[in-house]
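The values are calculated or read from the model by the stated rules, or taken from the named source; none is laboratory data. In this text, all values refer to a predicted model and were calculated from it rather than measured experimentally. Cβ placement follows ideal geometry from the backbone for every residue including glycine, while neighbour counts extend to all protein chains displayed.
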Amino acid sequence: MKICFASLRKKINYTDVLEYGMDVFYECFRYYKDNNKEHEFTYYNFAWGSKGAERDINTLKHADIVVFPAVQEFIYFADAMHPRDVEKSQAEIRKTYEHLNNKHIILLTQDRGVDEDMVMRYTFEQQVKPKSFQTIDEMDFTMCLQGLKYHFIKNYFRFPVEKKTDFVYWGSDKSKTAGGVKSNDERLDIIKSISKNEEVSSTIIGRWPKSIRIERKWVPLKETLGYLDQSYSTLCFNWIDQTAVTGRYHEAMACNVFPFVWKDYDTNDILVTDDWQRCFTKQELYDKIKDIKKSDYRMVVAKKDFLNRLPSEKDYYKEFEKVFNKCLK
């Protein structure tokens, strides 16, 4: 089969893990293409290396299957960007529509806000009629595909540092979903409160309203690790789906940052095995931060359980191979 790996919106010259948000999918696909030579692989707006990504429309035109890794796709339709920038990006997407018709499309997503409905309605503006549309989600894998992040981080050398910051958060405000509809997500209120609490030292990184004091704007995870290594705790929030988990949990574990979770995060207990991690009020979070600073007992127990169940890096690649092959049948 002719399989085109297509970054339809953002140009990606992929160099290494911890540099790109979807590196877990990129590394899985790298393993797949290296071990499945019976297929012909082409790329649209994506390249392995520091240069080479091109919008060669012929790769889409001649493909049987188009694999679409959706990079922060929802932010283009959540009033998070200037309309001019959204329109400029959409203009490039529109050039692909006719070449996506009657093709098998496989969406790779690690965001609860990005699914088939969102892509067909907003990204493709209901102008694309694929032969089939399938989704490979990070939650299709054991303990979430983001478990690969733990291995990537542990393999990345950093000089040891002492912890000095009570709380760290890296991410963005998700108060709106596609279409600008309010999501009722609580993290903006919580993170704002933490950033203003003078009794809790905090480091906030990412894309946030001006009302929140941030240390750095959006940076690659590789540059964020230094802040994590110096911090005691973080807080994981659900995003739309109560049963889902987030990469933040795995990343925190790799840096010995205790991952508190907000209310009903991970209701199936895929990652959370100790209800003590759950926080239902801001004051409860503040009190528990004091506890983990006094003793690393909770961190040691949680991490031991986590590692006892976490697949190896190779296991994740093999699992992706099985999931991908099912989509080809």
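Some observations on this one:
- All conditions in (1) within 24 Å of the chain's Cα centre (by Cα); (2) charged (D, E, K, R); (3) assigned to a helix (DSSP H, G or I) hold for Lys293, with the sole exception of (1).
- So Ser89, is it among the hydroxyl-bearing types (Ser, Thr, Tyr), closer than 30 Å to Lys222 by Cβ and in the same structural domain as Tyr20 (by TED's automatic domain parsing): yes
For (1) closer than 30 Å to Val66 by Cβ; (2) of a type in the set (S, T, N, Q); (3) not in a loop (DSSP other than H, G, I, E, B), each residue gets a yes or a no:
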| position | (1), (2), (3) |
| --- | --- |
| Leu228 | no, no, yes |
| Ala252 | no, no, yes |
| Asp266 | no, no, no |
| Gln283 | no, yes, yes |
| Asp287 | no, no, yes |
| Lys304 | no, no, yes |
| Tyr317 | yes, no, yes |
| Val323 | yes, no, yes |
| Lys326 | yes, no, yes |
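- Total residues in the stretch 20-60, condition among the charged types (D, E, K, R), within 23 Å of Ile153 (Cα to Cα) and in contact with an Asp or Glu (Cβ under 9 Å, 6 or more places away or on another chain): 2
- Scan the stretch 71-114 for residues that are aliphatic (A, V, I, L, M) and closer than 11 Å to Leu8 by Cβ and the total you get is 5.
- Yes/no for Phe152 being closer than 19 Å to Leu18 by Cα and without any contact (Cβ under 8 Å) to a residue 24 or more places away in the chain: no
- The stretch 117-129, residues that are buried (at least 17 other Cβ atoms within 10 Å of the Cβ) and not aliphatic (A, V, I, L, M): Tyr122, Thr123, Phe124
- Members of the stretch 168-193 found to be of a type in the set (Asp, Glu), farther than 23 Å from His82 by Cβ and part of a loop (DSSP other than H, G, I, E, B), listed by number: Glu186
For every residue, the table says whether it meets (1) within 22 Å of Phe260 (Cβ to Cβ); (2) surrounded by fewer than 18 Cβ atoms within 10 Å (Cβ to Cβ); (3) modelled with pLDDT of 90 or more.
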site	(1), (2), (3)
Thr165	yes, no, yes
Trp170	yes, no, yes
Ala178	no, no, no
Asp189	yes, yes, yes
Ile194	yes, no, yes
Pro209	no, yes, no
Leu221	yes, no, yes
Ser231	yes, no, yes
Leu235	yes, no, yes
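- Residue pairs whose Cβ atoms lie under 6 Å apart, separated by 6 or more positions or on different chains, with the first residue in the stretch 55-67 and under 22 Å from Glu321 (Cα atoms) and buried (at least 21 other Cβ atoms within 10 Å of the Cβ) and the second of a type in the set (Lys, Arg) and modelled with pLDDT of 95 or more, are Ala63/Lys2; Val66/Lys103.
- Enumerated helices (runs of 4 or more DSSP H) restricted to the stretch 80-155, each holding at least 3 residues that are under 14 Å from the mean Cα position of the chain (by Cα): 147-154
- Pair list, Cβ < 9 Å and 6+ apart or interchain, from the stretch 12-26 residues that are on the phi > 0 side of the Ramachandran plot to residues that are modelled with pLDDT of 95 or more and assigned to a loop (DSSP other than H, G, I, E, B): Leu18/Tyr156
- Thr234 vs. criteria within 20 Å of Asp264 (Cα to Cα) and part of a strand (DSSP E or B): yes
- Of the residues making up the stretch 298-320, at least one is surrounded by 14 or more Cβ atoms within 10 Å (Cβ to Cβ), touching a strand residue (DSSP E or B) at 6+ places or on another chain (Cβ under 6 Å) and at pLDDT 95 or above.
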